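The block underneath contains the structure these notes are about, expressed in structure tokens.
Read-outs: derived from the displayed coordinates by stated rules, not from any lab. This one's a predicted model, so the numbers in the text were calculated from it and none came from an experiment. Every residue, glycine among them, receives a Cβ derived from its backbone with ideal geometry; neighbour counts consider all protein chains shown.
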Amino acid sequence: MDEFGRVGRLAAAIGRHPREFVGAVMATAAVLAISFNALFLQNGPHPAPIFTTRPMQTVETPIAPPRPAIAQPNFVPDTVAANRTQVVANIQRELSRRGFYDGAADGVWGAKTDSAVRDFVQAAGVKVNPEASDNLLRVIVASNAKAQSGRAALSEPIRNDPIAELIAPSKRVLAIQRALADFGYGQIRPSGNYDADTRTAIEKFERDRRLPVTGDISDQFVRELAAMTGRPLE
């Protein structure tokens, strides 16, 4: 009977204070859950979360190794100039062997060398840029073209005949005619003689460059033409 009496008194107490009973039950459950978690569920030291969680997996981003620096070539201007001088000298020697050039193989690209190269290109019938280069040298070496006989006589006027000096082809006029033809100032036949077509081309050039229109081969005209073409005309 004592046992039934205690149960009855407990039930009566719960009936009088139901909220306090529910709170006590929840508190007891919370304490038991925390104790169970700390004793059986946690691998690390206390405190820890009530429920175990999976560790976050971190993904490591691969780091690309640094690219090795590419060494830039060092261009030495003196070496480039020396190579060009040697190429020009070799071109002059080969042209001299074939009768197109009668000057010194000094490595200087002047009007005489320019004229000789263009005469070779015309005589050989090859398509090559008439500028100093290894390619031009190879073309000259591989060609069997020879200068026409009598070219030297046409290149140099007869010094003892003043009339012949006036009508003989001039290297300066020849260089001017080629420069004017190359830059589109008329269909000029490079002959070395100052003719009507050459005068017309000079007048057109003078108008384009806003120079006094004379049609003559003046020093100012020659300077302007040489500056435009980038090559000597003397």
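Sum up the charges of everything whose Cβ sits under 10 Å from the Cβ of SER218, counting Lys and Arg as +1 and Asp and Glu as -1, but leave SER218 out.
-3
For labels at VAL108 and ASP208 in the simple 7 Å Cα→Cβ model, what's the distance in nm?
With each label placed 7 Å out from Cα toward Cβ, I get 2.9 nm.
Report the label-to-label distance for ARG16 and ALA142 in nanometres (one decimal), using points 7 Å from each Cα along the Cα→Cβ vector.
12.4
For ASN193, what residues show an amide H to amide H distance below 5 Å, using hydrogens built from the backbone and excluding near sequence neighbours?
SER170
Taking 7 Å along the Cα-to-C-beta vector as the label spot, tell me the ALA27-GLU131 distance in nanometres, rounded to one decimal.
Result: 10.0 nm between the two label points.
Taking loop as defined by DSSP and a crowding limit of 11 other beta carbons within 10 Å, which trypsin sites (Lys or Arg not before Pro) in the range 167-234 fit?
Here the trypsin sites (Lys or Arg not before Pro) that fit, given the DSSP loop and packing criteria, are ARG210.
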